[in-house]
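In what follows, a structure is listed as structure tokens, so that the remarks can point back to it.
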Amino acid sequence: MKTSWRAASLAVTAASVLALTTACGQDKAGTPASGAQNVGATAAAGDYGNPGAGTATGAGNGYGADGSKTSASPSPAAPAGKLSVASNPDLGNVLTDGSGLTLYRFDKDTAEPPKSNCDGDCATTWPPVPADDADAGAGIDKALLGEVTRADGSKQLTVGGWPAYRYAKDVNAGDVNGQGVGGKWFALAPDGKKAKVSDLPGLSVRKDPELGEIVVDRKGMTVYRFLKDKAWPKSVSNCVGACLEKWPAVAPVDADDTKGVKKKGLMPFTRPDGVKQMSVNCWPIYTFSGDKAPGDTNGQGVGGTWYAVSPDGKPVGAPGN
């Protein structure tokens, strides 16, 4: 009798665990449609919390100088030195000068023939990089380096024909504060093209300087959890309607198209509206419309209910975690 009762008890326990697992994984993680996007329209942050100050790009004068021109003359530019290739988590390989400062290109310039259209106040905010002592470091094709004569007679470095600049608001090596300013300024890739967001998996892990390891989507955008959602016995999203406009649900991602994220409970589920949404450890995940660029974490702590997601699905920085 004792043996029979024990066997029955173990069977019931196993069945319960299996039921919970099956409930959470109601939808098997299949290959999503090509180019799957987040569910919900991108809208300005509003009733669901006030986001923190984001990365401000695009100034009124188009130079990125806080909307006001300056009449000061550009300071003598520091030598370019030995150019290097720096790896940026959001932009891939970026070209830097001998001091590690990011180099940029301007959409109003031309590469064929090389010509700079940034003078006066523009050149104060975006100092041209001198061509005199520029040297190609590892990973840089020396043949792509050249020079263009500016209106004042000085020689400016070109990369792939594009005039190269620094940004006055980049203070430390690795800063990329000029990326996307005015929709016309972009970090230079080693081949002279615009640096772009790295090709990331559907979900991967990024090390944030403030939050530590957090999950990001294929565009490098931070992924969040809503504390009012549920994971057990099945995934349930309580973000609907206007909430979903502010916090677009992450569309299904194939488990094989992830890196560094805990595999258990990594699966899609069906929302009440019939749309499939991705989950990490069975918790529904979202992005935030208030995040404008890869690396932004403006949704962190909003309303005391929204938090970035750790690789194991926990809400980073949430009370009790």
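We did not get these values from a lab; they are worked out from the coordinates using the rules stated. Owing to the predicted nature of the structure, the values given are computational and were not obtained by experimental measurement. Note: ideal-geometry Cβ built from the backbone for every residue, glycine included; neighbour counts use all protein chains shown.
Some points to look at:
- Length available on full extension from residue 227 to residue 257: 0.36 nm per residue minus the Cα-Cα distance, which gives 8.2 nm.
- Given +1 at the Cβ of Lys and Arg, -1 at the Cβ of Asp and Glu and no other charges, the dipole of segment 141-297 around its Cα centre is 260 debye to the nearest 20.
- For residue 208, residues with placed amide H under 5 Å, excluding near neighbours: 213, 214
- Residues with amide H under 5 Å from that of residue 180, placed H, sequence gap 5 or more: 185, 186, 187
- Note on segment 119-180: with charges restricted to the Cβ of Lys and Arg (+1) and Asp and Glu (-1), its dipole about the Cα centre is near 100 debye.
- FRET efficiency estimate (nearest 0.05) - Cβ-Cβ, residue 312 to residue 85, R0 30 angstrom: 0.35
- Of the peptides 215-226, 103-114, 175-186, the ranking by mean beta-carbon count within 10 Å, highest at the top, reads 215-226, 175-186, 103-114.
- Gain upon complete extension [residue 240, residue 117; 0.36 nm per residue less C-alpha separation]: 39.5 nm
- Applying 1/(1 + (r/R0)^6) with R0 = 25 Å to the Cβ-Cβ distance of residue 210 and residue 275 gives a FRET efficiency near 0.20.
- Cα centre as origin, Lys/Arg/Asp/Glu Cβ charges: segment 257-321 dipole, Debye: 240
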